[in-house]
Amino acid sequence: MPKNGMLVRITLVVAAVAILAAVAVGTAGASHKARSATAIKGAGSSFVAPLVNAWINPVSSIGISLSYNPIGSGGGVSAITTKGVDFGASDAPLSQFSPTCTTCVQIPWALAATAVVYNLPGLPFLKMNGSTLANIYLGKIKNWNDPAIKKLNSGRNLPDKAITVVHRSDSSGTTFNFTDYLSSVSKTWKSQVGNGTAVSWPTGIGGNKSAGMSAAVKSTPGAIGYVDVDYAVVNHLGYMKMRNRTGKFVVPRLKGILAAAQLQTHPAKDGSLSIVNPPKSKKYANAYPIATYTYVDVQKASGANAAALKKLIGWAITKGQTYGPKLFFAPLPKPVVTFDKKQIQKIHS
Amino acid sequence: MHLGDVLLQGAAALASLGAVALVVLIVYKVVEGARLSLSTFGLGFVTHVGWDPVHLKFGAGSFLFGTAITSLGALILATPLAIGIALFLTELAPAGIRGPVTALVETLAAIPSVVIGLWGILVLAPLLRDHVDPALHSALGFIPLFGPATYSANVFTAIIVLTIMILPIISSISRELFLGVPSELKEGALGLGTTRWEMVRGVVFPYTRGGVAAAMILGLGRALGEAIAVAMVIGAFTGISWNLFNPGNTLAAMIALNYQGASSGLELSSLIYLALILLVFSILVNLLAQLIVRRVARRQGLAST
C-alpha cells in the first residue's frame, strides 16, 4: 500500500507540472502570436502548389504565415466546405463537386497549363495531337511506334515499346482540365468517358496527386501522364508539343498559355473560366490547348482570419503573379484581376 | 457491497455498453450514408464492375475481387513464413538471439503503413517489376495469374506489401501459442525418441491449431482493411483481371483515395456503400475466426486457446 501511495503522489506531481508547463507554453505562445504573423492554412490542388509554395516567404513580410497542403483539388474543396482550412484551392470550378461549398466565393488566382509528360529517354518534345492522345488514353493505341504517333513525328526514331497510361487516382482538377480537353477533341472520349475530376478510365494505372503521377511516369519506361508543367521540369520529364486547332505544335510555356487565356478573360458569375482548346483563328495561333485557370475558394464568412485572407489573396493576384513565370504560371489578364478584386470584397468576418 | 465494488462495476459496465453503442452507431451511420446508393443500385451494386463518376454508374465488383485476391494472396504467403519464424524463435533458435529477433519481428508491426507504402513505391515496386515479375512470368506464365508484366504498380506488389504487414501479427501470436505448449508434452515426445520435427508436428501443431487459425484470420482482417499502403502501390485501376501483374484496386484503398472531393452525392454515397460492404466482410471474417477457435477447442477438449 505505501508503495502505491507513493506512485499516486508521483503521478499527481507529474500531472501538475505538466499542466503548469502547458499553461505557461500556451500563454507564451498566445502573447507571441499577437505580435507576429496571422497563420493562414490552405489545402487543395497539387497543380498550383509550386506557386503557392513560392509565396510563403514573401507573404511573411505582409504579416501572414502561410501554410499549404497539396492534397488534391477534391480534397481542397472538401476541406473548405467543412471549414477545416482557411482556403481551398482547386483547378476545377466548384460546380464540379457535390457536395460542394455553397457558402464560398470562388476566385481565379493563377493560370497555367497541363503538360503531357512521357518517359522515353533521348526523345524530347515529341509532337502529339488531340485525337491520338485520346486514342492512347482509350487504350486503342498501345505502342510508341504506332503509325499515328509516327506520322506526327516523322524522322524521329520511335521505339517498339508498350505505352503505360498513367492517370490520377484521386479527385483532381488536373484530371478535369485534361478530360475536358480530351472530350473536346474526341467524340468517342466524350460519349464513353466524359469529363470530370475523376472518370472511369478505360486503361492504365493511377498515381496519387501530382507527385504520385510524376513518380509513376518517371519510374516506368514508356509511360505517359499529365501534370502541371513545373512538375515536369522539376522531375526532368519530357513533355509534348501539342497541336492546336490552327495546326501549330505548341509547348506548355508562358506564350502558349497567354494566347489560350485570351479565349475567356471575363469570368462567369460564379468566377469560373474555361480556356481549353481555343478555336481555329489567328488570335489563337500560339495557344496551348490544355491550359486552365485555377481557383482559390474561401468561405464568405471567414471569421477572425477574414482580413488576413483578403490581404493574402489581394497580394496573390497582383504582386504574387510576378513569382509565376519562373514556375510556368502566366500572369492573370487585367479583366480577371479586376473581377477578382470585386470577389475579394465579398469576404467578411 | 463496498462502494469501490459498485463504482468498479458501474464503470466497467458503462465502458462495455459504450463499445456496443459505438458499433451500433457506426453501422447505423454507414447504412444511412449508403442509403442513396442502396436505393439507386440495390444489391446489384455488390457485383457490378465499374466506377464511372461521369455517367453515375457505380459498383463494388472489381474492388471486392481486388480485396479478396490481395488479402488471400498475402495470407497464403505470410502464414508459412510466420509459422517458420515462430517455430524458430520458440524451438530452434539459440537462446541468445531469441530476444533480439523477437523484438525486431515485432518492430515490423510498428512501422506505419504509409512508410511501408512509400518504400513499396520507391524500392519494392521497381525491384519486382525489373527482376521478380518477369521471372515469375517466364517460369509460371502458363498460369493466368502470372501473365505479362509491364506495370510497376500492380496487384502482386500490393500482395507483397500486405504480406510484410501481416507477417508480424501471425508470427507473434503463433510464438505465444507455441510457448504455451506444456513442456512436459514436448519433453515427453522427445523422450520417446522423436526428432524435433516429429515433436513439432505431433505435439506443437495439434495443440495450437485453433489458435494459429485464429491468428491467420486476424492477419486476414488486417489485410482486408489496409488502405494507405495498398492505395500507394496497387495502381488504382477499376476492372477485373486475373493477371497479378496488372493494376487493380481494393475496397479500402478505393475509399481512401476518393472520399475527398466526390463529384456527386451519389458517388459519396456509393463510397459509403463500399465501406458497408467492407464492414460486413470484416464482421463475417471475425465471426469465422471465433467459430474456428471454438470448434477446435471443443474437439481438443481443451480451453487452452
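Only the coordinates and a few stated rules stand behind these numbers; no lab work does. Everything numeric here is computed off the predicted structure, so don't read it as measured data. For neighbour counting, all protein chains shown are included, and Cβ atoms are generated from backbone atoms with ideal geometry for every residue, glycine included.
Structural remarks
- Top-ranked residue in the range B:76-96 [being within 30 Å of residue B:251 (Cα to Cα) and surrounded by 21 or more Cβ atoms within 10 Å (Cβ to Cβ); ranked as farthest from the chain's Cα centre (by Cα)]: B:83
- Yes/no for residue A:314 being out of contact with any His (no Cβ under 8 Å at 6 or more places or on another chain) and on the phi > 0 side of the Ramachandran plot: no
- Index of the failed condition, residue A:195 passing every other in (1) more than 10 Å from chain B (Cβ to nearest Cβ); (2) of a type in the set (S, T, N, Q); (3) in contact with a Leu (Cβ under 9 Å, 6 or more places away or on another chain): (1)
- The C-beta contact set for the range A:172-192 (first residue farther than 17 Å from residue A:206 by Cα, second residue of a type in the set (Phe, Trp, Tyr) and buried (at least 21 other Cβ atoms within 10 Å of the Cβ), distance under 7 angstrom, 6+ apart or interchain) comprises A:182/A:137; A:182/A:189; A:183/A:189.
- Residue B:254 vs. criteria closer than 28 Å to residue A:215 by Cα and either of a type in the set (S, T, N, Q) or touching a residue at least 40 places away in the same chain (Cβ under 8 Å) (or both): yes
- Taken as a whole, the range A:175-187 holds no residue that is of a type outside the set (A, V, I, L, M) and at positive phi.
- Cβ pairs under 7 Å, 6+ apart, first in the range A:65-84 and more than 8 Å from every other protein chain (Cβ to nearest Cβ), second in a strand (DSSP E or B) and among the hydroxyl-bearing types (Ser, Thr, Tyr): A:65/A:38
- Here is the figure for the range A:86-108: residues that are of a type in the set (Val, Ile, Thr) and out of contact with any Lys or Arg (no Cβ under 7 Å at 6 or more places or on another chain) total 3.
- Filter pass, residue A:269 being assigned to a loop (DSSP other than H, G, I, E, B), free of Cβ contacts under 8 Å to residues at least 60 places away in the same chain, in contact with a Gly (Cβ under 9 Å, 6 or more places away or on another chain) and basic (Lys, Arg): no
- The combined condition, being over 12 Å from residue B:269 (Cα atoms), in contact (Cβ under 8 Å) with a residue 60 or more places away in the chain and away from chain A (no Cβ under 14 Å), is fulfilled by residue B:46.
- Residue A:283 in a helix (DSSP H, G or I) and closer than 29 Å to residue A:129 by Cβ: yes
- Single residue of A:131, A:171, A:183 found to be surrounded by 15 or more Cβ atoms within 10 Å (Cβ to Cβ) and closer than 21 Å to residue A:261 by Cα: A:183
- Restricting attention to the range A:85-113 and to residues that are more than 26 Å from residue A:260 (Cα to Cα) and in contact (Cβ under 8 Å) with a residue 60 or more places away in the chain, the residue that is surrounded by the most Cβ atoms within 10 Å (Cβ to Cβ) turns out to be A:87.
- Scanning the range B:115-147 for residues that are loosely packed, with under 13 Cβ neighbours inside 10 Å and touching a residue at least 24 places away in the same chain (Cβ under 8 Å) yields a count of 1.
- Boolean, residue A:129 is farther than 22 Å from residue A:328 by Cα and of a type in the set (S, T, N, Q): no
- Within the set A:179, A:197, A:114, A:188, the sole residue that is β-branched (Val, Ile, Thr) and in a loop (DSSP other than H, G, I, E, B) turns out to be A:197.
- Hits in the range B:221-245 (condition: in contact with a Pro (Cβ under 9 Å, 6 or more places away or on another chain), surrounded by 22 or more Cβ atoms within 10 Å (Cβ to Cβ) and within 11 Å of chain A (Cβ to nearest Cβ)): B:234, B:235, B:236, B:237
- Matching entry among B:199, B:216, B:254 (being under 30 Å from residue A:80 (Cβ atoms) and part of a helix (DSSP H, G or I)): B:254
- Among the residues of the range A:209-241, those identified as under 13 Å from the mean Cα position of the chain (by Cα) and within 15 Å of residue B:234 (Cα to Cα) are A:209, A:213.
- Remark: pairs (first residue in the range A:115-130, over 25 Å from residue A:278 (Cβ atoms) and in contact (Cβ under 8 Å) with a residue 60 or more places away in the chain; second residue polar (S, T, N, Q) and part of a strand (DSSP E or B); Cβ separation under 9 Å; 6+ apart in sequence or on different chains) = A:119/A:164.
- Any hit, the range A:219-239, residues being acidic (Asp, Glu), closer than 26 Å to residue A:70 by Cα and within 14 Å of chain B (Cβ to nearest Cβ): no
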